[in-house]
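J.: Right, I'll just put the structure down here and ask away after.
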Amino acid sequence: NEGALWGARFATGPSPELVELSRSTHFDWILAPYDIAGSHAHATALAAAGYLEPDEAQRMHDGLDAVARRVADGTLLPVPTDEDVHGALEQALIAELGPELGGRLRAGRSRNDQIATLVRMYLIDHARVIARDLLRVIDALVAQAEAHPEAILPGRTHLQHAQPVLLAHHLQAHAWPLVRELERLVDWRRRAGVSPYGGGALAGSTLGLDPALVATELGLDRPAENSLDGTAARDVVAEFAFIAAMTGVDLSRLSEEIILWNTREFGFVTLDDGYSTGSSIMPQKKNPDIAELARGKSGRLIGNLSGLLATLKGLPLAYNRDLQEDKEPVFDSVQTLEVVLPAFAGMIATLRFDTERMAELAPQGFSLATDVAEWLVKQRVPFRDAHEISGALVRACEEQGIGLEEASDELLRSVSEHLVPAVREVLTIEGSVASRSGVGGTAPVRVAEQRAELVARAQAA
Ligand code: ARG
């Protein structure tokens, strides 16, 4: 078992089947730069505690730099006998420095505290990329809202026509959850900045190394308070996977609408050619594949979270090898978002809205019936009665095949004495929308205020 990180207490080497099962280099190699950063920090801590002479520490750092260069240029790759990234990199360091010096670095650390630290470093780096990409989607939604400050959309509940709203209000309603994902990432970062390095396998180290020094060197905020918790807890990974899954769900909800809006029946949007796809057989097709992939991949993001939680459930303290299974799902969540978000931002930024068609459909389905009821309330009619009267007017108009705004004076009066011609002042879409001026409402002035608040929150995150 030449070159492995363990073996002396074993009479034989590992079976080939075990080696196959155990190997993780095909997915943990992406942690190599973080492992090397951890080794630099650890070498500094060993030197500070007197386990490396200054010149040895210098040679150690140089050796690690040489290994880092070989990782970066692709000349160092794991070989089939390497169990994981930690072992492979130690082998490479020993090849650089010889076993006498290269073999000193492992003192006072374990792969258990290493891996628990490295996965945090990786996630912190990618959280920054994802936050930047999220901001691009938010910006694209805000820009579309700004470009259509007065456009009307038939608002729906149960997918049925409900009340007219501003398109900008609706787009901003999709931006808010993404702002909250940004805020979740910021909040997550406060918990992620803990360094388990120095916890050893589980119980801490006897060597008097300074874990705060290592944490600082690695750009983390502080060492873990408890070595068992530090090496065994993965809630920080699960929480990240949750934010990724929730982001997937946010994008999927918007995707579903874009897919519907893009149908001939709705006809609300046209997708830019650069952000839609064709069919291999039907020459006329222009498909919303970005929205469909975002919707589809949200399932995968949810799966990554559930798989991870299932892995963690029932694990006794402290480290168990099951924990190796945390990486593939969360790496996949990172990689998925890093391809979905940029494409999604481009699709939103280039959407073209048919605002005439949306405005034309907005009054359909008697979507101003609530306005009639609320107008009656302003005339001091109890809402109970107002609701009845407005409902009766809907039925009368439906029977005649006309819209509310087309009801004659006679028809209005026949439904209720309270329905005088002045009610028509609320029977326009613009009037309806403008009158919903309470906090959070769809009146243009409120929506513009809301947009400023949204942009400020996104920038503050
Ligand atoms: N590759 C492992 C992981 O990803 C770390 C190694 C810990 N191995 C061990 N036998 N304690 O979690």
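Computed from the coordinates by the stated procedures, all read-outs in this text should not be read as laboratory data. In this text the structure is predicted, and so the values were computed from the model without any measurement. All Cβ positions, glycine included, derive from the backbone under ideal geometry; neighbour counts span all protein chains shown.
J.: Using θ = phi - 60° and the Karplus curve 6.51 cos²θ - 1.76 cosθ + 1.60, what whole-Hz ³J(HN,Hα) does each residue of segment 148-154 get, with Gly and Pro shown as x?
T.: Here the 3J(HN,Hα) series is 10, x, 10, 5, 9, 10, x Hz.
J.: Once label points are set 7 Å from the Cα along Cα→Cβ at both residue 437 and residue 11, what is their separation, rounded to one decimal in nm?
T.: Computed distance between label sites residue 437 and residue 11 equals 9.0 nm.
J.: What nm value, rounded to one decimal, do you get for the distance between residue 456 and residue 321 when each label is placed 7 Å out toward the C-beta?
T.: 5.6 nm
J.: Follow-up question, since we're still on this one. Report, by chain and number, residues whose modeled amide H sits under 5 Å from the one on residue 152, excluding near sequence neighbours (fewer than 5 apart, same chain).
T.: Residues meeting the criterion, in which the H sits 1.01 Å from N, are 167, 359.
J.: Quick check of the Kirkwood formula: for segment 369-426, what is the inverse mean of 1/r over all pairs of different Cα atoms, in Å? Show your work: numbers first, answer last.
T.: Numbers: mean 1/r = 0.0909 Å⁻¹.
Taking the inverse mean of 1/r over all distinct Cα pairs, segment 369-426 comes out at 11.0 Å.
J.: R0 = 45 Å: FRET efficiency of residue 356 with residue 306, Cβ-based, nearest 0.05?
T.: 0.55
J.: Continuing with this model, one more query. Would you tally the net charge around residue 445, using a Cβ to Cβ cut-off of less than 14 Å, leaving residue 445 out, and scoring K and R as +1, D and E as -1?
T.: Taking every other residue near residue 445 into account, the sum is -1.
J.: Per DSSP H run of at least 4 residues, take -39500 (n - 2.57); add these up for the chain, divide by its residues and hand me the 222 nm value, nearest 500 deg cm²/dmol.
T.: Values: 18 runs with 281 residues, N = 461.
Mean residue ellipticity at 222 nm (helix-derived): -20000 deg cm²/dmol.
J.: Continuing with the same structure: For segment 137-225, compute the orientation-averaged projected area of the C-alpha convex hull (one quarter of its surface), in nm².
T.: 9.6 nm²
J.: Quick one: longest stretch of the chain between exposed loop GluC sites (Glu not before Pro), exposed meaning at most 11 other C-beta atoms within 10 Å and loop per DSSP?
T.: By the stated rule (loop sites, at most 11 other Cβ atoms within 10 Å), 3-224.
J.: While we're looking at this one, here's another question. Take the alpha carbon atoms of segment 5-52, find their center, do the same for segment 207-221, and report the distance between the two centers in whole angstrom.
T.: 19 Å
J.: Given C-alpha coordinates of segment 19-60, what is the ratio Rg to Rh with the Kirkwood estimate of Rh?
T.: A ratio of 1.20.
J.: Okay, moving on. Summing Lys, Arg as +1 and Asp, Glu as -1, what charge do residues with Cβ under 11 Å from the Cβ of residue 14 carry, residue 14 excluded?
T.: In short, -2.
J.: Moving on. Show which lysines lie in cross-link reach of residue 285 when reach means a straight Cα distance below 27 angstrom and same-chain residues fewer than eight apart are skipped.
T.: Cross-link targets: 297.
J.: Project the alpha carbons of segment 319-372 onto their principal axes and report the range along each, largest first, in whole Å.
T.: Result, largest extent first: 65, 29, 12 Å.
J.: A follow-up question, please. Pop out the Kirkwood hydrodynamic radius of segment 16-107 from its pairwise C-alpha distances, inverse of mean 1/r, in Å to one decimal.
T.: With all distinct Cα pairs of segment 16-107 included, I get 13.5 Å.
J.: So what's the convex hull volume per residue for the Cα atoms of the chain, in Å³?
T.: Spread over its residues, the Cα hull of the chain gives 201 Å³ apiece.
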